[in-house]
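Worksheet for the structure shown next.
Read-outs: derived from the displayed coordinates by stated rules, not from any lab. Here the structure is a predicted model, which is why all the values come from computation and not from measurement. Here the Cβ is made from the backbone with ideal geometry for all residues, glycine too, and neighbour counts use every protein chain on show.
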């Protein structure tokens, strides 16, 4: 066998290996989906979405959890998006390139890898206890905002970095100020990348359970929150709660709630893909 | 009275000196060509006139750059206002990812112009000046990125003209274009001379000879020779210039 034959065999082997890797991922996902759907699909109904939690599984619903989740997400978005985008813009557009900047850069990336339960402990101490916000929606939103900020900052920076320098120069040479250049050229050109990062970070926040449990989100909430200072629960916590119950009925409820959560996440990711494609088409004209 | 003037100008990138004691004056309503081998400092000098070098870190500038007799580096000028008076066209066409109309209107919009009729008229006038109007008048709302390279470059010229600068700086505006587009740009430069002071950096010797009134030859950060274009190309006073314009090096 000569070396080109060996190379061809290696090429084929790697191809098979890559296919197997992909297949493994898809297979696991498929089994999970099948398991969840076979248990929970029948349970899905309008009443399930609209009912309050109950100690009888067949009467229980996820109304408060869904409501709480939407509240929590809206608050998290309001807090984290402006700060994250602002910080990303500062680091990329205004900040000087020195040792300090690199230090901050590395640490932001590190923060993105910190286990979420740590953020929960931080939130518990600072927002719940020191700032006396209690186990409210606001505490939860602030904690989740901290959790997803690194992702938003990093993705904003990457998107902004991808805008060609020549476009900035064109704008500045026309007498635009830095802010005008950012608002009219840099942000529109990096919109697709930024929005993708935002939605991916939000779909991460949707699935978080650990930090919310740590800050004291309630498990049983028989009412819907009316304001940011109210107590709350969210879907992942509801699911977590139901899976710890011995009755088979609650396990089925958990499966149904998981389906709702999955649909929600797919929906968010779908929006991300749609917005990015639409923006890309517009850019290309 | 010179429109643009450099006096004993030194420029350093970190510790590397890119411009060495440059002194020259450019008269209004003339076309001046900067020629010289790559890295000779001609683009750097061009960018001093609208302070685009400020965007690069670790740049140090000594000496004076005067526009209409005012030192733009040391007097208290407003940089944004100053840049509005100096149009710039870059080597690679760099239209914004916006419509053709919005590209040209950009300079007006950042100045806070909202008068719709005025904007429409200015866009048309600028596109006509840049000899692009006939080709795009039916597609003003199409993305500028859908235009050809030559059209994009003329769009960039129209964009620069829309804010009515008195000086237009061109940094190798035709180097990325095909011969026909290049010819259009050159005709344009000629036509614009009556209203604007034009400085053009070029690698193309014939181009410099065709379109400019005066030519400046740079070599490793120094201004070797600056004279009437006809003299530079037929009877240069310096041996290096002679060698460069006849293609013996560079």
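Values for this structure:
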quantity	calculated
Ranked packing of A:19-26, A:125-132, A:142-149, most packed first, by mean Cβ within 10 Å	A:142-149, A:125-132, A:19-26
Using alpha-carbon coordinates, inclination of helix A:99-111 to the longest axis of chain A, degrees	30 degrees
Computed FRET value (nearest 0.05) for residue A:126 with residue B:124, which takes r as the C-beta separation and R₀ as 51 Å	0.30
Net lengthening on full extension, residue A:161/residue A:1 (0.36 nm per residue, minus Cα-Cα)	52.8 nm
Label-to-label distance, nm, for residues given as residue A:20 and residue A:96 (7 Å Cα→Cβ offset)	5.4 nm
Alpha-carbon radius of gyration plus Dmax, which is the widest Cα pair, for region A:101-153 in Å	12.1, 36
Of B:123, B:31, B:136, the one that fluctuates the most in a GNM where chain B has Cα springs shorter than 10 Å	B:136
Nearest 10 degrees, 0 to 90: helix B:116-129 Cα axis against chain B principal axis	50 degrees
Debye intensity ratio in log₁₀ form over the Cα atoms of region B:46-166, taken at each q of 0.10 Å⁻¹	-0.35
Inter-part distance where region B:102-156 and region A:1-80 are each reduced to a Cα centre, Å	49 Å
Among B:193, B:98, B:16, residue whose mean-square fluctuation peaks in a GNM of chain B (springs only between Cα atoms under 10 Å)	B:16
Ratio of the Cα radius of gyration of the protein assembly as shown to 2.2 N^0.38 Å, where N counts its residues	1.31
Ellipticity estimate at 222 nm from DSSP helix runs (n ≥ 4, -39,500 (n - 2.57)) divided over chain A, nearest 500	-23500 deg cm²/dmol
Separation in nanometres of the label points that stand 7 Å from Cα toward Cβ, at residue B:239 and residue A:42	10.0 nm
Peptide B:90-98 - average C-beta neighbours from other chains (10 Å radius)	5
Counting DSSP beta bridges with both ends in the protein assembly as shown, the antiparallel % (nearest 5)	60 percent
Neighbouring partner chain Cβ atoms per residue of B:81-88, average, 10 Å criterion	3
Overall Cα dimensions of region A:137-209, principal axis frame, Å, largest first	50, 20, 14
Cut-off 16 Å, label 7 Å out along Cα→Cβ of residue B:27, residues of region B:158-202 by amide N	B:193-199
FRET efficiency for residue B:137 and residue B:1, using Cβ-Cβ distance with R0 set to 41 Å, rounded to 0.05	0.55
Degrees between helix A:187-207 axis and first principal axis of chain A (Cα, 0 to 90, nearest 10)	30 degrees
By average C-beta atoms within 10 angstrom, highest first, the peptides A:237-246, B:41-50	B:41-50, A:237-246
Other protein chain Cβ atoms within 10 Å, averaged over every residue that makes up A:161-174	6
Inter-centroid distance (Cα atoms) of region A:203-248 relative to region B:172-250, Å	72 Å
Relative contact order (%) - criterion: Cα under 8 Å, at least six apart; region: chain B	28 percent
Backbone N within region B:52-77 under 14 Å of label point (7 Å from residue B:8 Cα along the Cβ vector)	B:62-65
